[in-house]
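Everything on this sheet refers to the single structure shown next.
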Amino acid sequence: MLSRTADNLFWIGRYVERAEMMARLLAVGGRIALLPGVHGYRNEWESLLQASGTAAGFPRKYGEPVQRNIESYLFFDRDNPSSVVSCLEAARENARIVRTALTTQVWDAINGAFQELRQLERTPRSELELARLTDWTMRQSALFRGAIDATQLRNDGYDFLNLGFHLERADNTARLMDVKYFVLLPKADYVGTGLDLYQWQTLLRAISAHRAFHWAYGGEITAAKVAHFLILNRSCPRSLIASVAGAAHHLDHVARAYGATTRAQDLVRAMLGELAELRVEDVFEEGMHEFLTRFIGAVGILSARIHDAYLSGEAR
Amino acid sequence: MRHSRNPAFRTPTPRRILDAGGRNRRDIGARVQDYFNEMFDGGAVRAPYAGLETWVREMPAELRQMKQAEAEALFRRIGITFAVYGEGGDPDRLIPFDMFPRVFTAGEWRRLERGIKQRARALNAFLVDVYGRGEIVRAGRIPAALVYQNEAYETAVAGFVPPRGVYSHIVGIDLVRTGRDEFFVLEDNCRTPSGVSYMLENREIMMRMFPEIFRENRIEPVEGYPELLRRTLASVAPEKCQGEPTVVILTPGHYNSAYYEHSFLADMMGVELVEGPDLFCEGGFVWMRTTRGPQKVDVIYRRIDDAFLDPLCFRPDSMLGVPGLMDCYRSGGVTIASAPGAGVADDKAVYTYVPEMIRFYLGEEPILQNVPTWQCAKPDELAHVLDNLADLVVKEVHGSGGYGMLVGPRATKDQIAAFAEKLREAPEHYIAQPTLSLSTCPTFVEEGIAPRHVDLRPYCLVGERIELVPGGLTRVALTEGSLVVNSSQGGGVKDTWVLAE
């Protein structure tokens, strides 16, 4: 497979997953905004901007972080490279470039989303409830993933597409947890309060894991349980360990098909090994924020190694 | 007797079809009588269109609109769009698709096929000759200056004979019809004629929307084209290539207006679609960068112009090409299709001499006629052209896409005066032809069905064998009375049928 094609596929996966993450963040924000504020004003929206990793561009264009502006910025704004519109357009453009590497159904899913997006942009904002936007985005990415799962040939292209999904997901879950732990609730006094509980619930809802959590753990929601669920529980599809295991699976598949391993496989195995040995207490000991920062850094390095080994065209 | 009806459910009757023709006749005066209508001969329906007459008569207006919308949605979903150069705007514009097919009988096609293959053979013989001994020039059958001082003449490949002596592997020959048995060649496209994806997709969409007319009419399939193209390209692999040749399509990239076509063809042929930076030269061969390391490439079907192929040989600022490609090519490491330099055979001044080429190389008489052409480079012909601008079509020798041309009968006095000025300044850049009475084919328009002018581009494949799939791209000028069919000028496309015997 052409390195450029593999690169396009990898980024399609990342962009679609990122669009979904943005929608989930908006959904979290929408729910948190329904809670009585504790900071004098609703700075939860501010923290969402932080979590999205795109906070820098916001004040210049919009000033105050009020809901409507944040919606514009995270959903519609083309100046924000991570907005839902930007991500889906980038995914569709990448898909158009590698049209031949995708099945008709997969192309339909992403191209259909792109066409519907144009309709949404023409719809008056007053008619667009936040929930409609976020539900729409999640439905589109579900359609897209479903089409991939049902129709794509299980070749190396499939692996690169999925590597994009898994790396982005690992990164996103880590960021979501970080926003909860580091930004939303900066003061230790709040830990264990009703507010703390509500925020954890909201976070679980954002990753569509609210009920799954109860099935898996039951009883009270505690920080330790949620941390275990989102970091160390392989049965949670968005946990860090599940995402890294997914990446490892697809990298192994590529290595077997090509008959050679690279530094990317070395790193993903090391990451998986660490997570497999890890206990929740270790995370709290290191500090949640510190742990997550380190993890996000490792995902970045893994992405760079995949690029060097397969996507750059420098492979020999 | 007329029944009153809900206007939304009005059915077009054959009377209406004829009315549409009649109205047109009044509108553009007596000249319309000169136009050959491919469906109607006087009031009678010509045999090849007999199967369509009932189809269109029985199609209710609202079904037609629904189908038209369905076709558009299909095109959009598949991703066939067309960007018009220099226009900005929506890069996802669709080429208008007209659902009324254009039909040829088996007999008509047989003659066209022989004529097209003859022409493709002669054009390739000419190219091998002018990059070799230049017999045709020595024999005085074509002026030396026209060949050797031609902008498209590539000195970089002089003396080189590509595999199997083929320069132009895909020859697109633009034809117009002016009467029952009258066909003229408008121009030859020896470089990289585009539009074949429309030929294939138009058929797919018609078959999907109207399966019944395909059951009732026996229509030759065109779907074999991509496989034929792949075989043609594989058959011209360089001698150094051992085993199954690796064929790729080289595209300028996804911003190119024809990108859809490049990607569609690559998909249908099962070959890689590459951009310049995906390739590199090493050890006299061309390689593509893959996730498993370099893979050798044997045949490049390029969809970029000569000038951009190799920055070391042609334009040094080209980012689209592959440095060193021409060295690999000339040393037999890779085949480039069409071969660099093929353009010298298809410029509009050389075009005049194609009948000569057919006689010179093949010893045959041309089966397809050329349109009489005045070469503005010749002073006496220029004088004639200037005197008769209002009746002529004037084209740039190197132009394409319907740009920079003057259609005399449809131009204003001021436009003609301005064009005359341009002509006097650089006469060698222009040729002139009489305004042809392009045939018309019934076409769906706002008010029902009306005749619109059409042309035809079949795609002839030249490799080990010369092949032509029974069909081509019919372009239609959707504006009433317009003779310009180019998609860049608002033309549309139709499915083209060749009936089986």
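Return the long-range amide H neighbours of B:ALA377 (sequence gap of 5 or more, or a different chain), with a cut-off of under 5 Å between placed amide H atoms.
Here the answer is B:TYR430, since their amide H atoms fall under 5 Å of that of B:ALA377.
B:LYS494: which lysines have alpha carbons under 18 Å from its alpha carbon, excluding same-chain residues fewer than 8 sequence positions away?
Once the sequence-local lysines are set aside, what remains near B:LYS494 is B:LYS67.
For B:LYS240, which lysines qualify as cross-link partners when the Cα separation must be under 20 Å and same-chain residues fewer than eight apart are set aside?
Answer for B:LYS240, where 20 Å is the Cα cut-off: B:LYS296, listed by chain and number.
Once phi is turned into θ = phi - 60°, what whole-Hz ³J(HN,Hα) does the Karplus curve with 6.51, -1.76 and 1.60 give for every residue of segment A:301-316, x standing for Gly and Pro?
5, 4, 4, 5, 5, 4, 4, 4, 6, 10, 9, 7, x, 8, 4, 10
With each run of n ≥ 4 DSSP H residues scored as -39500 (n - 2.57), what mean residue ellipticity at 222 nm is computed for chain A after dividing by its residue count and rounding to the nearest 500 deg cm²/dmol?
-22000 deg cm²/dmol
Which distance in nm do the two modelled labels at B:ASN388 and A:ALA260 give, with both placed 7 Å along the Cα-to-Cβ direction?
6.8 nm
Let me know the shape class of segment B:239-333, please: from the alpha-carbon gyration tensor, a ≥ b ≥ c as square roots of the eigenvalues, rounded when a/c is under 1.5, otherwise prolate if a/b is greater than b/c, or oblate.
It comes out oblate by the Cα gyration axes.
Which of A:ASP282, A:ASP252, B:ASP380 comes first, and how do the rest follow, when ranked by fewest Cβ neighbours within 10 Å?
Least to most surrounded, the residues fall as B:ASP380, A:ASP282, A:ASP252.
What ranking of A:TYR181, A:TYR62 emerges when the number of other C-beta atoms within 10 Å of each C-beta is taken as an exposure proxy, fewest first?
A:TYR62, A:TYR181
Can you tell me what share of the DSSP beta bridges in chain B is antiparallel? A percent to the nearest 5 is fine.
In chain B, DSSP labels about 75 percent of beta bridges as antiparallel.
Residue by residue through segment B:292-309, which ³J(HN,Hα) values in whole Hz follow from phi under the Karplus form 6.51 cos²θ - 1.76 cosθ + 1.60 (θ = phi - 60°), with glycine and proline marked x?
9, x, x, 10, 5, 10, 9, 10, 10, 8, 9, 10, 10, 6, 2, 4, 9, 5
Sorted from fewest to most neighbouring beta carbons within 10 Å, what does the list B:LEU52, A:LEU311 look like?
Fewest-to-most ranking of B:LEU52, A:LEU311: B:LEU52, A:LEU311.
Enumerate the lysines that B:LYS422 could reach by cross-link, defined here as Cα to Cα under 26 Å, with residues fewer than 8 away along the same chain left out.
Partners found: B:LYS348, B:LYS378, B:LYS395, B:LYS413.
Can you compute the helix-only [θ] at 222 nm over chain B? Use -39500 (n - 2.57) per DSSP H run of at least 4 residues, normalise by all residues, nearest 500 deg cm²/dmol.
Computed mean residue ellipticity for chain B: -9000 deg cm²/dmol.
Which percentage, to the nearest 5, of the DSSP beta bridges contained in segment B:239-333 is antiparallel?
The antiparallel proportion sits near 55 percent.
Could you pull out every residue, at least 5 positions away or on a different chain, whose amide H is within less than 5 Å of the one on B:LEU186? Hs are placed 1.01 Å off N in the peptide plane, and Pro or chain starts have none.
Answer set, sorted by chain and number: B:ASP174, B:LEU175, B:VAL176.
Report ³J(HN,Hα) in whole Hz for each residue of segment B:314-327, in order, from the Karplus equation J = 6.51 cos²θ - 1.76 cosθ + 1.60 where θ = phi - 60°; Gly and Pro get x.
Taking θ as phi minus 60°, the curve returns 10, 5, x, 8, 5, 9, 8, x, 10, x, x, 4, 5, 5 Hz for segment B:314-327.
Classify segment B:319-462 as rounded, prolate or oblate, taking a ≥ b ≥ c as the square roots of the eigenvalues of its Cα gyration tensor: rounded when a/c is under 1.5, otherwise prolate if a/b is larger than b/c and oblate if not.
It comes out prolate by the Cα gyration axes.
Quickly work out the B:ARG315-to-B:GLU425 label distance, labels modelled 7 Å from Cα along the C-beta direction, and quote it in nm with one decimal.
Computed distance between label sites B:GLU425 and B:ARG315 equals 2.2 nm.
Once a ≥ b ≥ c are taken as the square roots of the eigenvalues of the Cα gyration tensor of segment B:372-434, is the result rounded (a/c under 1.5), prolate (a/b larger than b/c) or oblate (a/b not larger than b/c)?
Rounded is the answer for segment B:372-434, as its axis ratio a/c remains below 1.5.
Scan around B:MET99 for amide H atoms under 5 Å from its own, H built in the peptide plane at 1.01 Å from N, and keep only partners 5 or more places away or cross-chain.
Counting only residues 5 or more places away or on other chains, the set is B:PHE444.
Evaluate the charge dipole of segment A:154-316 about its Cα centre and quote only its size in Debye, nearest 20, assuming +1 on the Cβ of each Lys and Arg and -1 on the Cβ of each Asp and Glu.
The calculation lands at about 480 debye.
Only the coordinates and a few stated rules stand behind these numbers; no lab work does. Bear in mind the structure is a predicted one, so any value in this text is a computation, not a measurement. Heads up, the Cβs are rebuilt from the backbone with ideal geometry, glycines too, and the neighbour counts pull from every protein chain shown.
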